[in-house]
Amino acid sequence: MTIKFYNSLTNQKEDFVPIREGEVGVYVCGMTVYDNCHLGHARAMMAFDILARYLRYQNYKVNFIRNITDIDDKIIERANENKETIDALTDRTIASMQEDFSKLGLEIPTNEPRATDHIEGMIAMISTLIDKGHAYHSEGGDVFFAVRTFPEYGKLSNKNIDDLNPGSRIEEDDSKKDPLDFVLWKSAKPNEPSWDSPWGLGRPGWHIECSVMSLENLGKHFDIHGGGPDLLFPHHENEIAQSECASDHKFANYWMHSGLLKINGEKMSKSLGNFAMLKDLFASYHPEVIRYYLISSHYRSSLNFDNESLDQARSALTRLYQAISVAPSQESDLHDDSVKEFIHSMNDDLNTPEALSTLFGLAKLINSSQDAQDQSMYASTMRELGKVLGLLNDSSEAFLQYGAKLTDEEIGKKIDERNKARDNKDFQKADQIRDELAAQGILLDDSSDGTSWKKS
């Protein structure tokens, strides 16, 4: 079966055909580094980590580019608030980001370019756009892209240019020739970083940064461009317009967008103050639990966050680790049917929920088998396929003992809660509590005398 991806440009699943056989170029819009990462950031980054992992599993050579935006209005504002230099802020937040992403098991990109290292290329592309009549230097000193010079504007977002009005996603500026035009170069302001250019001192606009960083790492035409759903318009729409006008060539063949992560039905964001920081979550949850939670829903679907969801993820992942822990540890062939089932799921637009069901099927086979060789084969297959998803990389013991340890009183309360659930025939909740305790190294033993516990 051919790999199929949902292409936001055509709004349908399409067979994936790379530009160069056996090679894939991927560009993903990364972090704007003005603060530490929250779970919403991880949701978007996880989707494309899975993409790169699976393509490599299918023996593609993947050139995976994930940029860092290290100059931006938010960065300048935050540095001023903190009374620190922009370099100090961005260096600190980049280090924090890389630490968080490493814990989550996100693979290191082929290259992780910083916007400020590509100013020269941005100036060159802007100059090209001006020369071709697609951009202009305004009286206020800024340089704008003339949106109406690109007849295909709106092809990604399916927006009709005549229906667009300046608003929350389109900046209003009296110096524009058209309200829809967007900034390519911002003239220098007092106490802000700036670079010399043919239009005087200034700094690049956000959209031009990604166009140039993708161009200089992947060329003018590459396979896949990805990012969060909030980037589809105007950011990605603007990238297409300026890139294709500058190069007279198609920009990216496939556009992929992750779903939103919500809290109480609202997008998780720092501006709304409804976010869960990764560093806080790591204190209580093994990083693979967070990873499992993020891929337990399809990457394009919306995902609503609460602590109960993470507890359920921990319970589910505990069952997988417990299954592996009882299987003999020895080299073994893989279970072909399970591998085929896994590949079939992942070929269908990276259907990770179905792929996870394959792992649970293998866990069930381990638990029901009496043959040590078969158990070893199922466990080996689980680890091999789990690796594609970034799971089951720890030892069972380390996973089960991760996180804050419960007091004897807290354990007793959990057991009482479980017993009540069993009395009410709520066996799903009872199993979840058992698995939560197991995830913290507490093993239960049910007998006619009641429930006892011990630490693993």
Original post:
How large is the helix-only mean residue ellipticity at 222 nm for the chain, computed as the sum of -39500 (n - 2.57) over DSSP H runs with n ≥ 4, divided by its residue count, in deg cm²/dmol to the nearest 500?
Top reply: -14000 deg cm²/dmol
Original post:
Which one of A421, L444, I411 has its Cα pushed farthest toward the positive end of the charge dipole of the range 408-455, where Lys and Arg give +1 and Asp and Glu give -1 at the Cβ?
Top reply: A421
Original post:
Based on the Cα gyration tensor of the range 408-455, what are the three equivalent ellipsoid semi-axes, each the root of five times an eigenvalue, rounded to whole Å and given largest first?
Top reply: 16, 12, 10
Original post:
What is the magnitude of the charge dipole of the chain about its Cα centre, with +1 placed on the Cβ of each Lys and Arg, -1 on the Cβ of each Asp and Glu, and no other charges, expressed in debye to the nearest 20?
Top reply: 480 debye
Original post:
What is the dipole size for the range 23-261, taken about its Cα centre, with +1 at each Lys and Arg Cβ and -1 at each Asp and Glu Cβ, in debye to the nearest 20?
Top reply: 680 debye
Original post:
Helix 427-439: angle to the longest alpha-carbon principal axis of the chain, degrees 0 to 90, nearest 10?
Top reply: 80 degrees
Original post:
What net charge is computed for the residues neighbouring P113, neighbours being all others with C-beta under 12 Å from the C-beta of P113, Lys and Arg scored +1, Asp and Glu -1?
Top reply: -3
**OP:** Only Lys, Arg, Asp and Glu count, each charged at its Cβ (+1, +1, -1, -1), so figure out the dipole size of the range 306-400 about its Cα centre, rounded to 20 debye.
**Re:** 180 debye
Original post:
Which of (i) 67, 50, 36; (ii) 85, 50, 37; (iii) 81, 50, 47 is the computed Cα extents along the principal axes in Å for the structure on display?
Top reply: (ii)
**OP:** Sort 188-194, 349-355 for me by packing, meaning the mean count of neighbouring Cβ atoms within 10 Å per residue, highest on top.
**Re:** 349-355, 188-194
Original post:
Under 22 Å Cα-Cα from K340, which lysines qualify once same-chain neighbours fewer than 8 residues away are excluded?
Top reply: K4, K13, K61, K364, K387
Subject >> Ordering of 251-260, 75-84 by burial proxy (mean other Cβ atoms within 10 Å per residue, highest first) >> reply: 251-260, 75-84
**OP:** Just the number, please: percent antiparallel of the DSSP beta bridges in the chain, rounded to the nearest 5.
**Re:** 55 percent
Original post:
Any idea which of Q322, S197, S138 is furthest toward the positive side of the dipole for the chain, if Lys and Arg beta-carbons carry +1 and Asp and Glu beta-carbons -1?
Top reply: Q322
**OP:** Using packing as a proxy for protection, rank 295-302, 420-427, 385-392 so that the peptide with the highest average count of other Cβ atoms within 10 Å comes first.
**Re:** 385-392, 295-302, 420-427
**OP:** Kindly put V143, V24 in sequence by how many other C-beta atoms sit within 10 Å of each C-beta, fewest to most.
**Re:** V24, V143
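Here, each number is a calculation from the coordinates, and none is a lab measurement. Small disclaimer: the values here were computed from a predicted structure and weren't measured. Every residue, glycine as well, gets a Cβ built from its backbone with ideal geometry; the counts of neighbours run over all protein chains shown.
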